[in-house]
Amino acid sequence: MRITRIVGIGAGLAVVAVAATSGVMAMDDEGRTTVTAYFDQATGVYAGSDLRILGVKVGTVESVRPKGEEVEVRLRVDKGVQVPKDAHAVVVAPSLVADRYIQLAPAYHGGPLLADEAELPASHNATPVEVDQLYASITELSTALGPDGANSDGALARLLDTGAKNLDGNGKAIGNSIEQFGKATKTLDKSSGNLFDTLSYLQTFTTMLKDNDGGVRKAEQQLNSVTGFLADDKENLSAALKELGTALGQVKTFIKDNRGALKANVDALVPITQTLVDQRASLAESMDTLPLAADNVVKAYDPLNRTINGRTNLNELSMGGPLTDESADLSGLTPVDAIRQKALPSLPLPAVGTVYGTPAKSATQKKGAKR
């Protein structure tokens, strides 16, 4: 009876311990992120391997198992660790003999987070090159360059010998070239913005040329015709340029010999040119009216009698007498007539529309009076 009681108490304590452990594990699992990453291969990665970000451990590898032609690796990220949504996984080998670990990159700097149960495809993940693959590549290269490959007839040996002879004594020049190239790349790095702007403008220019391909071709053909014409007449063109050079030399000599006279003539032209400038409005008006005046002269010429016939209205010279009074009424006159009225001298003529102080009768009125 006592033994049964002891066994019962022990079983109860075991149940309590299991429940407590399960509760602690459940609490530990809360807030963690589970990620499934796929790799082409996962050599040296095991359950319990480290999961790191920037070399700092942030979780563990939960399981590693093959799945078709890929390897499925379950990753458990610790609580509170933030991983960016666009993260990828990399298998890192610190050395040839040390255990490998998986690293998530890049580190989180803001933006959306990687969701729980997210999957990272193998195309975004990377694995290191294995030593046997490296050895196989070196063996393949040495075989391709060996006596059974490219150097079967000594071509590679001759190439190396020629290269050695060409480089002999040029070490300083090569070093200087490398140094200058480094400076050039440094300059380009500082001016990368301007460089890319230039490339962008060049792209715009080439795009414009592409869009106007027909016009560019036509311009090239026309330019080709011009250059062909110049090529055919190069002798005449050369003679013309030679004569032009001679003429310019003579002009230079003439100006040198007659500098004083030319200066005097130019000084004498100053008043004339100044007058022309001052009277440019009158000259412009003359240019407008001269054609009409010439036409009137042609029409006024009588070829039979060889005379120029014309008539004038002297009353227009007076327009009622000079307007010396500033308060005179100019409302019935046009601006031109008003200016003319002020400018012309007073003549002893009756005003327009009057005959010796009485209003003039029109031709119609005169005919009516005769009737």
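Observations, loosely collected:
- Taking all protein chains together, 49, 286 sort by accessible area into 286, 49, largest first [probe 1.4 Å].
- Solvent exposure ordering (accessible area, 1.4 Å, most first) of 243, 62: 243, 62
- The heavy atoms of residue 257 offer some 110 square angstrom of accessible surface to a 1.4 angstrom probe.
- For residue 114, nonlocal amide neighbours, meaning residues 5 or more places apart or on other chains whose placed amide H falls under 5 Å from its own, are 83, 85.
- Between amide H atoms placed 1.01 Å from N, distances below 5 Å from residue 52 occur with 58, 102, 103, 104, all of them 5 or more places distant or on a separate chain.
- Phi to ³J(HN,Hα) by Karplus 6.51 cos²θ - 1.76 cosθ + 1.60 over the stretch 76-86, Hz, x for Gly, Pro: 10, 8, 5, 5, x, 8, 9, 10, x, 5, 8
- With an a/c value of 1.5 or above and a/b larger than b/c for the gyration tensor axes a ≥ b ≥ c computed over the alpha-carbon atoms, the stretch 123-167 is described as prolate.
- Residues with amide H under 5 Å from that of residue 88, placed H, sequence gap 5 or more: 105
- Rotationally averaged projected area of the stretch 122-200 (alpha carbon convex hull; nm²): 10.7
- Where 312, 204 fall by accessible area, highest first, once all protein chains stay in place (1.4 Å): 312, 204
The values are calculated or read from the model by the stated rules, or taken from the named source; none is laboratory data. A quick note: this is a predicted structure, and the numbers were derived from the prediction, not measured. Keep in mind that these areas ignore ligands, DNA and RNA; they rest on the heavy atoms of the full protein, side chains included. Shrake-Rupley method; radii C 1.70, N 1.55, O 1.52, S 1.80 Å.
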